[in-house]
């Protein structure tokens, strides 16, 4: 239901004015009441209420409703206000009331938040605007500005204190009529956040993390640090330590899953030139893919090292023989060669 919000301004009237201009030899135009009226200022004039208002059009008769709202006036009340200014003979078209709407510029809460974040972007240690989480002191709600305030929200004062995370940002919104710009100020707290992978349940040490165990949330960067684990790096990894529910995961919390467990049976794959043998063995330590671990041959009870190549599988390669072609050749010496007396050689 539209409630009446209009207050008569009859006291603003000056001396009585003729309602309609009349050219010599021509009949005056008939005034016609409007059913729906829209205004942009804080007052309603005769020219807003009726067509063909003539010289009386600029006379203010009511205060406009609040910004962005609509009020209603009984037709009889409107006619009384018009008669006070000698505007008579109005065609009411059998209207019982007139609806008056004050236009406004609506600034949504989301737009305000985006503008504040953009103003704080990369200021005093903060990151990108999309990574800044804001809390406003007075909450945040949609604002109604005068319809003439058509300019962008231009920051004119921006302050951020990194020690306590407090911000104070002021904007100006230009007025198309040349009037003073509207000024908006917002205060609150700002936190630099990062997208983090958070555990939905507690995870024990060495347990493998599944997709159902985690969710992606935004967390303060100071909580996670620079070692934040990406969503693509978590599922299928093994916990290095016991992890609690709600914990934001770091890369240092995770490791590749152990493919070989200590004291568990493994398949030892022995490879030599052109030969591949498999034997049963036992792992003497844990290891993930690519780790070098000690294993025992269950038949010979010998212990040797191998590389983890798969689930419960260790690869042992035969040592490569030294290539003889790469060795230096010995110096050739003639058999049964004796040293001669140099004096004999001279006498010859």
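Laboratory data are not the source of any read-out in this text; all were calculated from the coordinates shown. Source: prediction; values computed, not measured. Using ideal geometry, Cβ is built from the backbone for each residue, glycine included, and neighbour counts are taken over all protein chains shown.
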If you take the beta carbon distance between residue 29 and residue 161 as r and set R0 to 56 Å, what does 1/(1 + (r/R0)^6) give as a FRET efficiency, to the nearest 0.05? 0.30
Grab the Cα-Cα distance for residue 301 and residue 55, subtract it from 0.36 nm times how many residues apart they are, and report the gain in nm with one decimal. 77.0 nm
Can you give me the distance in nm between label points at residue 200 and residue 289, each placed 7 Å from the Cα along the Cα-to-Cβ direction? 2.6 nm
Determine how many Å³ per residue the convex hull of the Cα atoms of the range 43-166 encloses. 147 Å³
Taking the mean number of other Cβ atoms within 10 Å as a proxy for protection, how do you rank 288-299, 133-144 from highest to lowest? 288-299, 133-144
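Among 71-78, 268-275, how do they line up from the highest to the lowest mean number of other beta-carbon atoms within 10 Å? Mind dumping the intermediate values first?
Values: 71-78: 17.6, 268-275: 12.6.
Packing proxy ranking, top to bottom: 71-78, 268-275.
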Under a point spin-label approximation (7 Å from Cα along Cα-to-Cβ), what is the residue 267-residue 312 distance to one decimal in nm? 1.0 nm
Per its Cα gyration tensor (rounded if a/c is under 1.5, else prolate when a/b beats b/c, else oblate), the range 265-317 is best filed as oblate
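Highest mean first, how do 156-166, 230-240 rank when packing is the count of other Cβ atoms within 10 Å averaged over residues?
My ranking of the peptides, most packed first, is 230-240, 156-166.
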Given points 7 Å out from each Cα along the Cα-Cβ axis, report the residue 215 to residue 38 separation in nanometres with one decimal. 4.4 nm
